Amino acid sequence: MKRMGTTGWVLAILVLVILVIFGIRLVQLSAEEEPAETVDEIRERDGVPVLVATADRGTLEVWRTFSGTVTGERESVLRARSDDEVREVRTEVGARVQAGQLLVRQSGQSADARVRQAEAALQQAERRVERLRPLWEAGALSDQDWEDANTGLELARADREALAGTMDGIAPITGVVTDVPARVGLIPSQGDPLVYLVDDSAFRIPLQMSPDQAREIERGQPALVGTADDAPSGQVDRIAIRADARSRLVEVEVGVPGGAGSGLRPGSFVTVRIQVDAREDAVRIPRIALRNEGVWVLNGDDRVELREVEVGLRADDYVEILSGVQPGERVITEGATLLSDGARARVVD
């Protein structure tokens, strides 16, 4: 009986422990849990993460970008004046030539015969003048006869030079050779191109733009060719009075100083930037901060407010603020979609 009493006590204690544990757990489960923080509460405590920029004063430039093809100040094509064979080519692509320089020589049987005939006539005229000179100096020849002899000599020389001009390819302008279709042995047709020349003392870049774009363009506006920091510079030289009847586009021509240092190549396709406006000492903010003519401003207490602003010039990256934001104030550039007026913000790097 004594052993049975001990066992009963042990079981009673175990049951009591289990009931206590169950009761404690039941109390824990029935106790009210603290509610989780809301998104608004977290934002109020930590602040909405944003990126900011500081409004400042400086020069604001407005540029417009177009594309065009580089041409020379003048361009010329040396063409075959006869169907005689090309016997000699005295130039190559990239060569710099002077006006009047012989570039291509043509020759053929008929041409050679004409040249020999012209040279013979010239020699005959020269001999006649030399034969009559002593007589004229001695007074044994009339002035009229002496004048006729010299006139015949000048005509013979002119005929020889004119014939040479139809036979030989002479550079019509000073510039750079861009292409040489002529080859020794080629028998061209009259008018076929033999040498292409470009006067690279200056370059022209015609641009096509809409009438609305052309309204911003004025003669003398600065222009840059390309996007590099050391891009060749020029200016607007010509603006067409009327648009093209077919394309409805207006042609604007930019002039750029030439020479080897410009780095430009005739015929190349380039990007041209024209400065259409500029403002010094302007209040500037990044264009990304502008939202429907309003700007989120971060105050000193890390609270934001949405301000209406008056916008002036609009460049690619920055805009001018005429009123609404002062230099030194911080404006929100990223993270504005989560903001509300008076909300707390936290600047992140």
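Does at least one position in segment 256-263 carry a residue that is surrounded by 15 or more Cβ atoms within 10 Å (Cβ to Cβ), outside any strand (DSSP E or B) and aliphatic (A, V, I, L, M)? No, because not a single residue in segment 256-263 is surrounded by 15 or more Cβ atoms within 10 Å (Cβ to Cβ), outside any strand (DSSP E or B) and aliphatic (A, V, I, L, M).
Here segment 217-226 is the region considered, the condition is being at pLDDT 95 or above and part of a loop (DSSP other than H, G, I, E, B), and the residue that is surrounded by the fewest Cβ atoms within 10 Å (Cβ to Cβ) is Gly220.
Taking segment 102-125 as the range and being at pLDDT 90 or above and within 46 Å of the chain's Cα centre (by Cα) as the test, the residues that pass are Leu103, Val104. Would you check if Ile205 is under 30 Å from Val331 (Cα atoms), of a type in the set (A, V, I, L, M, F, W, C) and not assigned by TED's automatic domain parsing to the domain that holds Glu329? No, not satisfied.
Checked against the criteria, Pro35 does not count as at pLDDT 75 or above and either outside any helix (DSSP H, G or I) or under 30 Å from Ser323 (Cα atoms) (or both). Exactly one condition in (1) surrounded by fewer than 16 Cβ atoms within 10 Å (Cβ to Cβ); (2) over 24 Å from Leu102 (Cα atoms); (3) touching a Lys or Arg at 6+ places or on another chain (Cβ under 7 Å); (4) of a type outside the set (A, V, I, L, M) is not met by Gly191; state its number. Evaluating Gly191 over (1) surrounded by fewer than 16 Cβ atoms within 10 Å (Cβ to Cβ); (2) over 24 Å from Leu102 (Cα atoms); (3) touching a Lys or Arg at 6+ places or on another chain (Cβ under 7 Å); (4) of a type outside the set (A, V, I, L, M) leaves (2) as the failure. So which residues in segment 44-83 are under 19 Å from Leu103 (Cβ atoms), among the basic types (Lys, Arg) and not in a strand (DSSP E or B)? Scanning segment 44-83 gives a single hit, Arg81. Phe203 meets the conditions (1) touching a helix residue (DSSP H, G or I) at 6+ places or on another chain (Cβ under 9 Å); (2) in a loop (DSSP other than H, G, I, E, B) in every case but one. The failed one is (2). Checked against (1) in a loop (DSSP other than H, G, I, E, B); (2) at pLDDT 95 or above; (3) not assigned by TED's automatic domain parsing to the domain that holds Asp84, Glu251 passes all but a single condition, namely (1).
Out of the residues in segment 200-216 that are surrounded by fewer than 20 Cβ atoms within 10 Å (Cβ to Cβ) and of a type in the set (Asp, Glu), state the one that is farthest from Gly263 (Cα to Cα). Spell out how you get there, then give the answer.
Going residue by residue through segment 200-216, those that are surrounded by fewer than 20 Cβ atoms within 10 Å (Cβ to Cβ) are 201-202, 206, 208, 210-216.
If we keep only those that are of a type in the set (Asp, Glu) as well, we get 212, 216.
Values: Asp212: 31, Glu216: 28 Å.
So, considering only residues that are surrounded by fewer than 20 Cβ atoms within 10 Å (Cβ to Cβ) and of a type in the set (Asp, Glu), the one farthest from Gly263 (Cα to Cα) is Asp212.
Condition check for Leu14 on (1) under 30 Å from Ile321 (Cβ atoms); (2) at pLDDT below 95: one failure, at (1). Is it the case that Asp179 is acidic (Asp, Glu), free of Cβ contacts under 8 Å to residues at least 40 places away in the same chain and assigned by TED's automatic domain parsing to the domain that holds Glu88? So Asp179 does not fit the description; no. Looking only at residues that are in a strand (DSSP E or B) and not basic (Lys, Arg) in segment 292-303, which one is surrounded by the most Cβ atoms within 10 Å (Cβ to Cβ)? Residue satisfying both the conditions and the ranking: Val295.
Of the strands (runs of 3 or more DSSP E) that lie entirely inside segment 304-349, those containing 1 or more residues that are under 35 Å from the mean Cα position of the chain (by Cα) and within 15 Å of Ala53 (Cβ to Cβ) span 318-323, 330-334.
The values are calculated or read from the model by the stated rules, or taken from the named source; none is laboratory data. None of these values were measured; they are calculated from a predicted model. Using ideal geometry, Cβ is built from the backbone for each residue, glycine included, and neighbour counts are taken over all protein chains shown.
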